[in-house]
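The values are calculated or read from the model by the stated rules, or taken from the named source; none is laboratory data. No experiment lies behind these values; they were computed from the predicted model shown. Virtual Cβ from ideal backbone geometry, glycine too; neighbours counted across all protein chains shown. These area figures cover heavy atoms from the full protein model, side chains too; ligands, DNA and RNA do not enter into them. Shrake-Rupley method; radii C 1.70, N 1.55, O 1.52, S 1.80 Å.
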Amino acid sequence: MDNTNRTTRHVCPRNCYSSCSILGYSKNGHLEKVTGDPKHGYTKGLLCAKGYNYINQVYHPDRLKYPMRQYPRGSSNWQRISWSEAIEIITDKMIELYERYGSHLSLALNKYSGNMGVLHHAIEGFFNGLGKTSRAVGNPCWASGMEALYYDYGGYQTSDMEDILDAETIILWGVNPVWTSIHSMNYIYEAQKKGAKVITIDPIYTETAKKSDAFIQVKPGSDGALAVAIAKFIVEHELYDVEFIENHTVGWIELKEHIQLLSMEDALKECGQRIEAIQFIAERLCHHKPVTIWIGFGMQRNKKGGQNIRAINALAAMTGNIGKKGSGVQFGQRATEKFTFQILKYRQNNEGDQKTIRPIDINDFAVDVQNQQDPPVKFLWITCRNLLTQSSNTEELKRALESMELIVTVEHFITETVQVSDIVLPAKMLFEEWEIVASYWHHWVSINQPAIEPYYGSKSDLEIAQLLSQKLNEYQDGFSAFPTDLTDEEFIEREFSEEFYEQLHIKNWRELLNGPRRVDVPKTAWKDLHFQTPSGKIELYSTQAKENLLSPFGLDMMEDPIDHSHYPYTLLLNHEPFRINSQFQNLNSFKEINQEPCVYLHPLLAKEKGILRDTMVKVFNENGSVIIRAKYSNDVHHQTLFIYPNHPVINKLITFTPSDMGHFVTGGKGNALNNLHVNIERRS
Ligand SMILES: Nc1nc2c(c(=O)[nH]1)N[C@H]1C(S)=C(S)[C@@H](COP(=O)(O)OP(=O)(O)OC[C@H]3O[C@@H](n4cnc5c(=O)[nH]c(N)nc54)[C@H](O)[C@@H]3O)O[C@H]1N2
Ligand SMILES: Nc1nc2c(c(=O)[nH]1)N[C@H]1C(S)=C(S)[C@@H](COP(=O)(O)OP(=O)(O)OC[C@H]3O[C@@H](n4cnc5c(=O)[nH]c(N)nc54)[C@H](O)[C@@H]3O)O[C@H]1N2
Ligand SMILES: [Mo]
């Protein structure tokens with residue numbers, strides 16, 4: 001490409017709060033160094049340990065170089081094949097299935113968040129351009145929380161993190177930014193220096209809790225009960241914000257009546273707190289304003305996850321902590337996603353904008369893919385997804401995959417998912433392709449340009465979609481509507497509208513090459529106090545929730561009808577510092593840190609169970625068991641177990657447990673991964 005020194009702009013496309021803008025330095029076509037981009041107004045020139053390690057990922061000795069075919073599937077007998085052979089095998093199968101079934105419904109796509117860039121939607125665009133196909137829908141990450149926000153506010157906004165500098169109280173509710181969102185910590189530390197008090201609410205005394213001024217250790221899933229207790233205290237002592245409630249909420253009378261019927265004693269028992277803790281939080285919410293509450297994604301991966309988030313939203317609303325600088329509920333936003341998403345919109349002529357999807361639940365994929373009959377799914381395309389490590393019900397999933405006639409995975413490495421595929425296609429990494437990424441947390445949009453030639457024979461997901469389209473159109477003109485004649489840059493161009501340019505204060509997307517831009521949205525979420533709900537106000541009583549057979553009340557106590565006495569402990573698998581989901585673990589520097597997975601338990605529980613420190617124990621439930629080393633920890637709630645580092649083998653304990661919400665806004669219920677009930681015993 002170039003034999004001189006080059007500096008190029010990139011953006012980390014991983015599923016992460018930070019979406020860092022990166023500068024790449026290359027020499028003679030070799031990437032030499034990466035740094036954070038100081039022009040990024042949120043990350044301010046800093047990366048994380050993984051980001052600084054990108055060069056080791058790009059030139060990793062295990063990185064895939066060429067398309068390969070494994071025969072038979074699962075044998076590890078991989079043979080290198082050419083791109084044209086690969087595309088021919090794949091398109092031949094697509095055509096064969098089309099001729100057999102008279103539709104493309106036997107083709108399924110399972111894509112998720114390995115790369116969050118807009119151009120990575122190309123494969124979905126390609127599937128759309130075929131006609132109706134089967135697709136993984138729903139969201140494994142934040143579905144129940146998003147639906148809760150939808151009922152309460154009608155939409156999704158966050159405040160800039162600078163806003164938190166005005167907070168007097170910061171509540172980190174089920175979020176662990178020291179591990180999962182390190183750039184946020186600088187803002188939190190600064191707020192602390194200015195006098196803000198930070199309270200962390202978590203079943204684990206996390207690294208974030210250790211940096212906080214107060215820590216409330218809750219039982220997993222009991223946040224709704226905790227919120228009910230706090231709300232009852234506020235009502236009893238008439239501490240609520242009458243003016244805010246009257247002007248900006250609906251349903252207060254109904255909600256107030258409802259929570260008066262709920263028992264304080266039950267609520268305290270459920271969350272395992274004393275009234276002093278309740279009083280402390282209530283007083284912070286009412287007398288030490290403004291209060292910012294940050295709700296993490298971890299706490300809503302629970303059967304009650306959606307309702308628990310509604311409860312926290314209600315607390316913020318009844319105390320008037322919304323819409324003012326330094327206050328608000330932070331979760332995630334969609335306000336910066338202003339792309340045209342033209343990349344998804346290439347359709348067969350006769351289909352217009354009709355739905356082109358036969359949905360398969362992404363969270364219950366193992367079961368739901370087998371439910372699809374007439375025709376059954378016979379071809380599976382997996383991309384940006386490590387299905388075998390990031391799904392529930394993995395044993396069932398392996399069985400489900402057996403009935404596929406062709407499985408293709410697009411990847412960087414031989415992952416657990418690649419091992420059960422027939423063909424693997426090597427994907428470009430960020431330093432080799434064009435891309436644009438908008439954050440779901442802060443408000444910055446960044447561009448990614450190629451710095452180096454593609455690694456050996458790797459291609460971008462977009463190029464792969466185009467190759468498929470081209471080959472299918474040789475079979476029959478117009479068989480695929482996905483364009484084959486546009487360059488990456490032309491695809492980018494089509495993602496921007498005049499309105500989006502105005503909001504970024506640029507005239508052309510190439511100006512992003514000078515540095516990331518902030519989308520012009522208010523710095524404080526819901527600053528205008530105009531909500532997108534049917535009433536235009538915060539809905540403490542939601543008719544929409546009621547219509548969807550959920551509790552209409554923003555605060556409620558939810559019963560769990562299942563008897564967990566055989567599996568009385570909750571096993572948490574939290575997101576870890578030296579990986580993003582399943583990515584980066586294979587870097588040498590992290591392999592040393594992420595060594596043997598261990599289960600952490602409270603010494604009192606260990607004593608009760610006769611478990612000695614550092615011995616092997618059995619962790620089990622109705623789905624199976626794992627043998628693992630036990631470590632004592634005073635940081636873990638006494639009814640909770642914590643496994644660190646996470647290991648795919650633990651997934652066999654997890655079947656899909658739907659959370660209460662998610663279907664209405666994402667097409668599938670959330671995944672209550674943190675409702676993993678187990679038992680533990682000495683290894684006999
Ligand atoms: N047990 C358990 N399961 C979980 C979770 C958990 O905490 N525990 N968390 C859940 C959550 S919150 C999430 S968000 C999901 C994440 O689920 P996934 O999105 O599946 O997870 P990742 O590991 O981030 O990415 C998947 C793969 O994408 C590949 N990849 C990266 N870039 C590209 C690219 O440009 N092209 C292609 N084709 N591939 C690429 C990576 O190499 C990686 O193997 O997992 C969910 N599943
Ligand atoms: N380094 C790193 N960063 C990441 C990721 C990663 O894997 N590694 N993943 C990215 C992705 S996809 C996501 S979704 C986010 C996740 O990042 P976070 O939003 O921080 O979510 P988690 O780490 O899943 O869980 C956060 C905390 O919730 C607690 N928790 C679990 N259940 C409950 C509960 O019922 N109540 C309460 N109060 N707390 C509970 C856990 O103990 C944990 O400390 O991070 C993103 N950033
Ligand atoms: Mo996630």
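Overview of results
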quantity: Given (1) of a type in the set (D, E, K, R); (2) in contact with a strand residue (DSSP E or B) (Cβ under 8 Å, 6 or more places away or on another chain); (3) more than 16 Å from ligand 2 (Cβ to nearest atom), number of the condition Glu622 does not satisfy; calculated: (2)
quantity: Enumerated helices (runs of 4 or more DSSP H) restricted to the range 224-274, each holding at least 2 residues that are within 22 Å of His287 (Cα to Cα) and not aliphatic (A, V, I, L, M); calculated: 242-248, 252-261
quantity: Lys193 vs. criteria among the charged types (D, E, K, R), without any contact (Cβ under 8 Å) to a residue 60 or more places away in the chain and within 28 Å of Pro522 (Cα to Cα); calculated: yes
quantity: Residue pairs meeting the criteria (Cβ under 6 Å; at least 6 apart or on separate chains; first surrounded by 21 or more Cβ atoms within 10 Å (Cβ to Cβ), in the range 638-658; second aromatic (Phe, Trp, Tyr) and modelled with pLDDT of 95 or more); calculated: Leu641/Tyr569; Phe642/Tyr600
quantity: Filtered residues of the range 568-589 (kept if open to solvent by less than 40 Å² (accessible area, probe 1.4 Å), away from ligand 1 (no atom under 14 Å from the Cβ) and closer than 30 Å to Lys50 by Cβ); calculated: none
quantity: Single unsatisfied condition, Gly195 versus (1) on the phi > 0 side of the Ramachandran plot; (2) open to solvent by less than 40 Å² (accessible area, probe 1.4 Å); calculated: (2)
quantity: Answer residue from the range 376-386, given it is open to solvent by less than 10 Å² (accessible area, probe 1.4 Å) and not polar (S, T, N, Q) and is nearest to ligand 2 (Cβ to nearest atom) among those; calculated: Ile382
quantity: Identity of the residue in the range 11-38, among the hydroxyl-bearing types (Ser, Thr, Tyr) and surrounded by 19 or more Cβ atoms within 10 Å (Cβ to Cβ), that ends up farthest from the chain's Cα centre (by Cα); calculated: Ser26
quantity: Odd one out for Ala366 among (1) assigned to a helix (DSSP H, G or I); (2) more than 20 Å from the chain's Cα centre (by Cα); calculated: (2)
quantity: Any pair with Cβ under 7 angstrom, 6 or more apart, that starts in the range 574-587 at a residue that is of a type in the set (A, V, I, L, M, F, W, C) and ends at one that is within 12 Å of ligand 3 (Cβ to nearest atom); calculated: Ile580/Arg14; Ile580/Asn15; Ile580/Cys16
quantity: From the options Leu612, Leu601, residue that is crowded, with 17+ Cβ neighbours inside 10 Å and at pLDDT 95 or above; calculated: Leu601
quantity: Residue within the range 35-58 that is touching a Lys or Arg at 6+ places or on another chain (Cβ under 9 Å), assigned to a helix (DSSP H, G or I) and among the charged types (D, E, K, R) present; calculated: yes
quantity: Helices (runs of 4 or more DSSP H) wholly inside the range 75-179 containing at least 3 residues that are in contact (Cβ under 8 Å) with a residue 40 or more places away in the chain and surrounded by fewer than 20 Cβ atoms within 10 Å (Cβ to Cβ); calculated: 83-101
quantity: Candidates Ile362, Ile322, filtered to the one that is outside the structural domain of Glu238 (by TED's automatic domain parsing) and surrounded by 24 or more Cβ atoms within 10 Å (Cβ to Cβ); calculated: Ile362
quantity: Close pairs from the range 479-494: first free of Cβ contacts under 8 Å to residues at least 60 places away in the same chain, partner open to solvent by 30 Å² or more (accessible area, probe 1.4 Å), Cβ under 7 Å, at least 6 apart; calculated: Thr484/Gln470; Glu489/Trp434
quantity: Strands (runs of 3 or more DSSP E) wholly inside the range 517-632 containing at least 3 residues that are of a type in the set (A, V, I, L, M, F, W, C) and on the phi < 0 side of the Ramachandran plot; calculated: 598-601, 616-621, 624-632
quantity: Qualifying residue in the range 264-271 (condition: modelled with pLDDT of 95 or more and over 24 Å from Asn674 (Cβ atoms)); calculated: yes
quantity: The range 394-417 residues that are under 23 Å from Ile654 (Cα atoms), paired with ones that are assigned to a loop (DSSP other than H, G, I, E, B) and near ligand 1 (Cβ under 9 Å from one of its atoms) (beta carbon under 6 Å, 6 or more apart); calculated: Leu397/Ser391; Thr415/Asn386; Thr417/Asn386
quantity: Residue in the range 481-499 that is within 30 Å of Val291 (Cβ to Cβ) and either open to solvent by 10 Å² or more (accessible area, probe 1.4 Å) or in a loop (DSSP other than H, G, I, E, B) (or both) present; calculated: no
quantity: Residue in the range 285-295 that is in contact with a Pro (Cβ under 8 Å, 6 or more places away or on another chain) and over 26 Å from Ile204 (Cβ atoms) present; calculated: no
quantity: Check on Leu46, hydrophobic (A, V, I, L, M, F, W, C) and open to solvent by 20 Å² or more (accessible area, probe 1.4 Å); calculated: yes
quantity: Test: residue in the range 614-635 that is within 13 Å of ligand 1 (Cβ to nearest atom) and among the charged types (D, E, K, R); calculated: no
quantity: Of residues in the range 246-302 being within 16 Å of ligand 3 (Cβ to nearest atom) and among the small types (Gly, Ala, Ser), the one most open to solvent (accessible area, probe 1.4 Å); calculated: Gly298
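Quick grid of which residues meet (1) over 24 Å from Asn363 (Cβ atoms); (2) acidic (Asp, Glu); (3) within 16 Å of ligand 2 (Cβ to nearest atom):
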residue	(1), (2), (3)
Phe127	no, no, no
Pro140	no, no, yes
Tyr151	no, no, no
Asp160	yes, yes, no
Val175	no, no, yes
Met185	yes, no, yes
Thr200	yes, no, yes
